[in-house]
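S.K.: Can you keep this structure in mind? I'll have questions shortly.
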Amino acid sequence: MSANVRKTDEKGNLYVDINGLEAIVPQKELSPTDKFVQGDRIKIFIGEVEEATKFTKTFVSRKSEELLRGLLELEVPEIYEGIIEIKNIAREAGSRSKVAVYSDDKNLDVKGACIGRNGMRIQTIIDELQGEKIDIVLWNEDVKEFVKNALNPAQVLSVEVVEEGEDNLKVAKVVVAENQLSLAIGKKGQNSRLAARLCGVKIDIHTKSDEAAESDEDELEEGSAFQDTLDERENAEKNSDSFEVEESAFAGLGEDKE
């Protein structure tokens, strides 16, 4: 919904006018990059409305993932009409967001439709969100492919999905080239963190050399365990032989006395 900025108080709360009604966007519901002056026209998300005796309590936010959903519906007709479905959104307001999209129309360029010609559609949303970066990610029912797409712009070599712990938490074990590791993880872990939230799995990223080293360590451990087993058997056999010799010696002594 559109609103006109009235003022910002000393606590950082934003006062806006919505068709003649005053609303307050709490400072905690503002994006870190939100900087407005009186008269600015902005978009806000209005959530639950609670009726009270003296006033109406309304949830108003610029930080919510639902604001981004609404902006996409506003700027991308294919999303508004239901041709493209938003499967999930992972957002760190003011910094970066990832949006998973899908369409049954195989002839439709889903990412292209969301981005728009020359990037016009997505740029309008970026401008409204004060420069927040937005990654459009193709959703896939195959978790491996979905994780690969979500980690873009990094190039992923392979993904293995396993279940760990008592809760059977899904973990995507991702392998990338050495020169793609920092890109896959992102600044302060942001790229992998958002990708994990978007896909609903834990993401564990390794390089190809890390995988090779782990494989070598596993082989060494297996070899060491096998050698330990052989040593134990050999020692057991030696002890058995020694015991038989001692028994024989004692038997001989007994015969001499007789």
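S.K.: Could you please find all residues in segment 63-76 being more than 24 Å from Gly112 (Cβ to Cβ) and either out of contact with any strand residue (DSSP E or B) (no Cβ under 6 Å at 6 or more places or on another chain) or at pLDDT below 95 (or both)?
M.R.: Answer for segment 63-76, where residues must be more than 24 Å from Gly112 (Cβ to Cβ) and either out of contact with any strand residue (DSSP E or B) (no Cβ under 6 Å at 6 or more places or on another chain) or at pLDDT below 95 (or both): just Lys63.
S.K.: Pairs only if they're at least six apart or on different chains, beta carbon under 8 angstrom, first in segment 44-56 and of a type in the set (Phe, Trp, Tyr), second at pLDDT below 80 and in a strand (DSSP E or B); list them, first residue then second.
M.R.: none
S.K.: Now for a separate question. If you scan segment 66-81, which residues turn out to be part of a helix (DSSP H, G or I), aliphatic (A, V, I, L, M) and farther than 18 Å from Pro26 by Cβ?
M.R.: The first filter runs over segment 66-81 and keeps only residues part of a helix (DSSP H, G or I), leaving 66-75, 77-80.
Now restrict to residues that are aliphatic (A, V, I, L, M): 67-68, 71-72, 74, 79.
Scanning segment 66-81 gives Leu68, Leu71, Leu72, Leu74, Ile79.
S.K.: When you go through (1) more than 10 Å from the chain's Cα centre (by Cα); (2) part of a helix (DSSP H, G or I); (3) surrounded by 12 or more Cβ atoms within 10 Å (Cβ to Cβ) one by one for Asn191, which number turns out not to apply?
M.R.: Answer for Asn191: the failing condition is (1).
Yes/no matrix, rows are residues, columns are (1) of a type in the set (Lys, Arg); (2) more than 16 Å from Gly94 (Cα to Cα); (3) assigned to a loop (DSSP other than H, G, I, E, B):
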{"position": "Lys7", "(1), (2), (3)": "yes, yes, no"}
{"position": "Gln38", "(1), (2), (3)": "no, yes, yes"}
{"position": "Ile42", "(1), (2), (3)": "no, no, no"}
{"position": "Thr58", "(1), (2), (3)": "no, yes, no"}
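S.K.: Please list, ordered by first then second residue, the pairs with beta carbon atoms under 8 Å, 6 or more apart or interchain, first in segment 9-32 and without any contact (Cβ under 8 Å) to a residue 12 or more places away in the chain, second part of a loop (DSSP other than H, G, I, E, B).
M.R.: As it stands, the answer is Tyr15/Asp9, since those pairs meet every condition given.
S.K.: Just to verify a result, which residue in segment 75-90, among those that are within 25 Å of the chain's Cα centre (by Cα), without any contact (Cβ under 8 Å) to a residue 60 or more places away in the chain and farther than 16 Å from Arg121 by Cα, is surrounded by the most Cβ atoms within 10 Å (Cβ to Cβ)?
M.R.: As a first pass, look at segment 75-90 and keep what is within 25 Å of the chain's Cα centre (by Cα): 76, 79, 84-90.
Restricting the remaining residues to those that are without any contact (Cβ under 8 Å) to a residue 60 or more places away in the chain gives 76, 79, 84-87.
Then drop every residue that is not farther than 16 Å from Arg121 by Cα, which leaves 85, 87.
Details: Glu85: 14, Lys87: 16.
Out of the qualifying residues, it is Lys87.
S.K.: Let me ask something else about it. Taking into account only those residues within segment 84-111 that are in contact with an Asp or Glu (Cβ under 6 Å, 6 or more places away or on another chain) and among the aliphatic types (A, V, I, L, M), which is farthest from Gly189 (Cα to Cα)?
M.R.: Ile84
S.K.: Could you please find all residues in segment 1-50 being surrounded by 13 or more Cβ atoms within 10 Å (Cβ to Cβ) and out of contact with any strand residue (DSSP E or B) (no Cβ under 7 Å at 6 or more places or on another chain)?
M.R.: Correct list: Pro26, Gln27, Ser31, Thr33, Asp34.
S.K.: Give the residues of segment 109-155 that are in a loop (DSSP other than H, G, I, E, B), free of Cβ contacts under 8 Å to residues at least 40 places away in the same chain and of a type in the set (Gly, Ala, Ser), sorted by residue number.
M.R.: In the first step, residues of segment 109-155 are kept if they are in a loop (DSSP other than H, G, I, E, B); the result is 109, 116, 129-132, 139-142, 151-155.
Next cut, free of Cβ contacts under 8 Å to residues at least 40 places away in the same chain only: 109, 140-142, 152-155.
Result: Ala154, single match.
S.K.: Also, quick follow-up: If you take the residues of segment 51-60 that are within 27 Å of Ser97 (Cα to Cα) and of a type in the set (Val, Ile, Thr), which of them is surrounded by the most Cβ atoms within 10 Å (Cβ to Cβ)?
M.R.: First, the residues of segment 51-60 that are within 27 Å of Ser97 (Cα to Cα): 58-60.
Now drop any that are not of a type in the set (Val, Ile, Thr), which leaves 58, 60.
Numbers: Thr58: 15, Val60: 20.
Here the answer is Val60.
S.K.: Here is a follow-up. Of Lys98, Lys63, Lys106, which residue is surrounded by fewer than 15 Cβ atoms within 10 Å (Cβ to Cβ) and either of a type in the set (D, E, K, R) or not in a loop (DSSP other than H, G, I, E, B) (or both)? First the steps, then the outcome.
M.R.: Values: Lys98 fails: surrounded by fewer than 15 Cβ atoms within 10 Å (Cβ to Cβ); Lys63 fails: surrounded by fewer than 15 Cβ atoms within 10 Å (Cβ to Cβ).
Being surrounded by fewer than 15 Cβ atoms within 10 Å (Cβ to Cβ) and either of a type in the set (D, E, K, R) or not in a loop (DSSP other than H, G, I, E, B) (or both) holds for just one of Lys98, Lys63, Lys106, which is Lys106.
S.K.: Identify the residue in segment 111-150 that is within 19 Å of Lys202 (Cα to Cα) and of a type in the set (S, T, N, Q) and, among all such residues, is surrounded by the most Cβ atoms within 10 Å (Cβ to Cβ).
M.R.: Among those that are within 19 Å of Lys202 (Cα to Cα) and of a type in the set (S, T, N, Q), it is Asn149.
S.K.: Sticking with this structure for a sec: If I filter segment 121-132 for residues that are under 15 Å from the mean Cα position of the chain (by Cα), closer than 28 Å to Glu29 by Cα and modelled with pLDDT of 95 or more, do I get at least one hit? If you could, list the steps in order and put the result at the bottom.
M.R.: So in segment 121-132, the residues under 15 Å from the mean Cα position of the chain (by Cα) come out as none.
No, the conditions are met nowhere in segment 121-132.
S.K.: Mind listing whichever residues of segment 163-180 are surrounded by 13 or more Cβ atoms within 10 Å (Cβ to Cβ) and over 15 Å from the mean Cα position of the chain (by Cα)?
M.R.: Going residue by residue through segment 163-180, those that are surrounded by 13 or more Cβ atoms within 10 Å (Cβ to Cβ) are 170-177, 180.
Matches in segment 163-180: Val175, Val176, Ala177, Gln180.
The values are calculated or read from the model by the stated rules, or taken from the named source; none is laboratory data. Only a predicted model underlies this, so the values are computations on that prediction, with no experimental measurement involved. Quick reminder, even Gly has a Cβ in these numbers, built from the backbone with ideal geometry, and neighbours come from all protein chains shown.
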